[in-house]
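Taking it in order: structure first as structure tokens, then the write-up.
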Amino acid sequence: KCEIYFIINNNISAYYLFNEEYEKGIHFIEDFLKNNIKINSPTMLCSFHLNLSIAYFAMKNYIKAIEYIKKSIFFYEYIGNNLEAGECYLNLFNSYLYNNQPNKCCKLLEFLYKTYDDVRLINIYKILELTLFYNLNDIEKIVNKSKHINYTSLRYKTKMDYDFILARTNFIIGNSKASLRHYNKCLKYLIENKKHLDLNLAYSDMFSITEDVKYNIEATKYKELYDKENYNHPHPNITSPHYFSYIDK
């Protein structure tokens with residue numbers, strides 16, 4: 001079968017994911033792979049397994065998400081696309097984090113720092129490290145590590161993640177002005193990417209700082225939206241579902 005055939009089917013699977021029809025997407029891809037065992041396009045195998053991982057993560061089946069992202073990484077490395085392989089580790093990290101496996105997140109970061117030297121990937125991994133410390137409520141490490149991050153060298157998404165983490169961190173340590181400054185940079189991004197739990201915390205912090213009731217209304221709205229969600233969004237909350245268990249310790 002020709003490359004175009006695989007591309008068309010990969011686009012169909014991507015269509016299901018884009019429209020948040022994750023169950024249909026999983027069924028379509030797994031059925032396709034079962035009936036096309038001899039796929040001679042490693043590039044397409046990268047994409048099919050990446051899409052499966054994304055769909056299973058959205059469905060909150062983190063074990064399957066981990067299984068398929070590892071396969072996608074394998075095929076990216078097989079074809080020598082180390083940059084894409086390196087970016088896929090972001091998905092693996094999030095799956096470990098959301099599955100409440102912080103030790104695996106830590107070991108993964110150690111591996112990544114030893115394996116990759118591309119500054120684009122290193123910048124991503126530095127923000128993943130802050131994300132891990134944030135979810136473990138290790139404020140001291142966030143403060144120390146953030147001093148060694150060159151904000152201007154970050155891409156847009158990682159800048160926004162950095163701003164959210166620093167906004168929350170500054171709120172926790174009582175630096176209200178810095179907290180508001182960071183929140184004002186990332187709120188639009190959080191809204192556009194439906195990071196409802198992050199938004200609930202952001203607006204709760206802003207209400208505590210300003211006592212402006214409009215922020216409390218927004219905090220309540222986004223908490224209700226988060227509670228109604230059946231799926232994880234493609235750009236998930238920095239705040240994992242297990243965050244509050246570490247806060248309470």
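What follows draws every value from the coordinates through simple rules; no lab data is involved. What you see is a predicted model; the values in this text were computed from it and never measured. Backbone-built Cβ (ideal geometry, glycine too); neighbour counts: all protein chains shown.
A few points about this structure:
- Complete set of residues in the stretch 1-20 that are in contact with a helix residue (DSSP H, G or I) (Cβ under 9 Å, 6 or more places away or on another chain) and among the aliphatic types (A, V, I, L, M): ILE7, ILE12, ALA14, LEU17
- Checking LYS177 against (1) touching a helix residue (DSSP H, G or I) at 6+ places or on another chain (Cβ under 6 Å); (2) surrounded by fewer than 21 Cβ atoms within 10 Å (Cβ to Cβ); (3) not in a loop (DSSP other than H, G, I, E, B), the condition it does not meet: (1)
- Scan of the stretch 150-162 for residues that are under 15 Å from the mean Cα position of the chain (by Cα) and either of a type outside the set (A, V, I, L, M) or loosely packed, with under 15 Cβ neighbours inside 10 Å (or both), ordered by number: ARG155, TYR156, LYS157, THR158, LYS159, ASP161, TYR162
- Failed item in (1) surrounded by 14 or more Cβ atoms within 10 Å (Cβ to Cβ); (2) of a type in the set (A, V, I, L, M, F, W, C); (3) within 24 Å of ILE127 (Cα to Cα), with ILE247 passing the rest: (1)
- Flag not set for TYR203, criterion: farther than 26 Å from VAL119 by Cβ and in contact (Cβ under 8 Å) with a residue 60 or more places away in the chain.
- GLY25 meets all of the listed conditions (1) in a helix (DSSP H, G or I); (2) without any contact (Cβ under 8 Å) to a residue 12 or more places away in the chain but one, namely (2).
- The stretch 32-85 - residue that is under 18 Å from GLU3 (Cα atoms) and charged (D, E, K, R) and, of those, surrounded by the fewest Cβ atoms within 10 Å (Cβ to Cβ): LYS38
- Among all positions in the stretch 199-213, there is at least one residue which is under 25 Å from GLU20 (Cα atoms), out of contact with any Ser or Thr (no Cβ under 7 Å at 6 or more places or on another chain) and assigned to a helix (DSSP H, G or I).
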